[in-house]
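The values are calculated or read from the model by the stated rules, or taken from the named source; none is laboratory data. Quick caveat, the model's predicted, so the values are computed rather than measured. With ideal geometry, Cβ positions are generated from the backbone for all residues, glycine too; neighbour counts draw on all protein chains shown. What goes into the accessible areas is simple: the full protein's heavy atoms, side chains included, and nothing from ligands, DNA or RNA. Shrake-Rupley method; radii C 1.70, N 1.55, O 1.52, S 1.80 Å.
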Amino acid sequence: MLVSHEYATPFLMFPGLTADDYREKLTDEQIRAVMASVGLSVFEVKKTNGQWEIVRDGQYNRRIHMGTEMAISGPAAGDDRLKTKADPTGKTVFGTISNCNGGTTPWGTLLSGEEGSMDVFAGDFTTLPNQELVERQGWDEEDNDIYGAGRIEPRFRFEEEPNEWMRFDWVVEIDPLDPTVKPVKRTALGRFTHEGAQCAVAPDGRVVVFMGDDDDFEYLYRFVTRDPWNPTDRAANRDLLDNGTLSVAKFESDGTMTWLPLVAGEGPLTAEAGFNSQADVVLNTRAAADLLGATPMDAPEGFVVHPKTGKLYVAMTENEDRMPTGEGDEAEQVNPANPRGPNPHGHLLELVPPGAPDKADFAADSFKWDVFVLCGNPALAEDGAMFHPATSANGWFTDPDNLSVDPSGRLWVATDGPPPEGIADALFVMDTEGEGRALPKLFYVAPIGSECCSPTFTPDGKTVFVSIQHPGELRFEDDEDAVSIADAGTNWPDFQQGQPPRPALIVLSRDDSAVVGS
């Protein structure tokens, strides 16, 4: 198992802290504990007498955190903008931050998307030489230095280390079967707020990675390797993700979408525009996508490839700033793939590569597409929801996030609110074909204030693992954010008075050992 620890909430970890004062009150020891608590865990699990348990002494168990040594590879490796006092080569970085959803490569390594690492940095960004890029990457002066890391590690302060922030918000490749191999940040896949990195294989053996940039009006991306993968030599695939073509999606009203290559020197990506090399493209991916006229999306998050139909499903979580046609900036108005303005509930798109299902060409330049689901309450006309007509009062959902397909071919959707009307985030399941197409059913409700993430199945479909992230951050009684341990919405999973809520990995199966979700 690989579990992401995307972010910590210090005022729900330590007694005596609140959301208003924790930055000033955190001790150095507490800051170090917070920095150790984020990142990734790799560990073994096994089933004994019908119960899943962690293999405590498993040879693959390890923690990857904000201080773990990693390699930097691809077109930006060694670039002057990635060089620091601690790493004058620009090829080694310490740590990973804000790890969100990910994916598995055909050769069995794991990909983790870094999302929102700007929040960890402190200082005056106007001291940096590339302020436009800082702002384009999502710097928010009111929501930064969330862990106080700069107090004990100067590299997290802009004035002390002006290049450190450029070394995060990449896709990290981790080999779970070889703890001696350093994780690698694959810069060829671009730099943005990565939500996932889902893999597919084209008919010619090239590997395709689909990625979403999880911010309002950002884009869908794809990376296609230059070379095919080698099914018989795992080691031969070690650097496969360093060479290939990064593209961004443009949707048309006729139901087609095109992948536009982001290649330095091609089209508008000229030296005059600031793109002298592919390093410039991957270090400033969003600006490159802007120039190509990509379609701004409603916070794109989870991607999943359906192994039986060859179709892809992608979640747009929401975008309340989306404007109706004729209002505001043209780039922020509704477009064919984001048809509601505003869009507080999100939606799912269905992408169809040519050759599907038998020989789906995931590397093709053009796909077909359609809206699969418009989320919201079907009983409210103003929501404009689009589900199966038989969707129940408990079956509809909002804010889709992580997606998965179980071994039987059903689509699973994990939500990440804030849900309306005091509804907790939850896990839903539906068919993508046949009479039950787009008919969601509620499977599991997460603890208050949490989101359920990345449903993952055993090959027989009888067990699903689900990560529960940041429980207790919201209070049901008044639908307000919790500000301390004392008023957390829950003390799940320990349920001990005065103890903080904790994220956890849960395991769901049926008492009769049948397939879950059937």
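For the stretch 80-141, what's the relative contact order in percent, using C-alpha pairs closer than 8 Å and at least 6 residues apart? Over the stretch 80-141, the number comes to 20 percent. Once each part is reduced to its C-alpha centroid, what is the distance from the stretch 317-377 to the stretch 33-49 in angstrom? Centre-to-centre (Cα) distance: 35 Å.
Leaving out ligands, DNA and RNA, what percent of the accessible area of the stretch 247-305 is carbon and sulfur, probe 1.4 Å? Taking all protein chains in place, the stretch 247-305 shows 50 percent carbon and sulfur surface. Taking the helices alone, the chain has a mean residue ellipticity at 222 nm of -1500 deg cm²/dmol, built from -39,500 (n - 2.57) per DSSP H run of at least 4 residues and averaged over all its residues. Note down the net charge around residue 156, summing +1 for each Lys or Arg and -1 for each Asp or Glu among other residues with Cβ under 9 Å from its Cβ. Counting the neighbours of residue 156, the net charge comes to -2.
Computed from backbone phi with θ = phi - 60° and the Karplus coefficients 6.51, -1.76 and 1.60, the 3J(HN,Hα) list for the stretch 70-84 is 9, 8, 10, 10, x, x, 8, 4, x, 5, 4, 6, 10, 7, 9 Hz; x is used for glycine and proline.
The mean accessible area for residues of the stretch 301-373, using a 1.4 Å probe and ignoring ligands and nucleic acids, is 40 Å² per residue. Report, in debye and to the nearest 20, how large the dipole of the chain comes out about its Cα centre when Lys and Arg carry +1 and Asp and Glu carry -1 on their Cβ. Dipole magnitude for the chain comes out near 2380 debye. Per-residue Karplus couplings for the stretch 507-516, computed as 6.51 cos²θ - 1.76 cosθ + 1.60 with θ equal to phi - 60°, are listed in order as 10, 10, 8, 8, 4, 8, 6, 7, 5, 6 Hz, Gly and Pro entered as x.
The stretch 51-94 and the stretch 468-506 have Cα centres lying 31 Å from one another. Checked against a 28 Å cut-off, the cross-linked pairs 91/250; 308/368; 46/182; 308/462; 185/441; 250/308 give Cα-Cα distances beyond that limit for 91/250; 185/441. Loop-resident chymotrypsin sites (Phe, Trp or Tyr not before Pro) (DSSP state other than H, G, I, E or B) in the stretch 426-518 with no more than 15 further Cβ atoms inside 10 Å of their Cβ: 476, 495. Checking every one of the GluC sites (Glu not before Pro) in the stretch 450-507 against DSSP loop status and a limit of 12 other Cβ atoms within 10 Å picks out 477.
Solvent-accessible surface of the stretch 387-518, averaged per residue with a 1.4 angstrom probe and all protein chains in place: 44 square angstrom.
Dividing the convex hull volume of the alpha-carbon atoms in the stretch 165-209 by its residue count gives 102 Å³ per residue.
For residue 386, nonlocal amide neighbours, meaning residues 5 or more places apart or on other chains whose placed amide H falls under 5 Å from its own, are 374, 375. Of the GluC sites (Glu not before Pro) found in the stretch 89-163, those that fall in a DSSP loop while having at most 10 other beta-carbon atoms within 10 Å are 141, 142. Both radii were evaluated on the Cα set of the stretch 167-265; the Rg over Rh quotient, with Rh as the Kirkwood radius, amounts to 0.99. Calculated on the alpha-carbon coordinates, the convex hull of the chain measures out at 162 cubic angstrom per residue.
Ranked by the mean number of other Cβ atoms within 10 Å of their residues, highest first, the peptides 171-182, 19-30 fall in the order 171-182, 19-30.
Karplus-based coupling profile of the stretch 35-46, in residue order and whole Hz: 5, 7, 7, 9, x, 9, 10, 10, 7, 9, 10, 8, with θ = phi - 60° in 6.51 cos²θ - 1.76 cosθ + 1.60 and x standing for Gly or Pro. Derived from the Cα gyration tensor, the three semi-axes of the equivalent ellipsoid of the stretch 212-370 are 27, 22, 13 Å, largest first.
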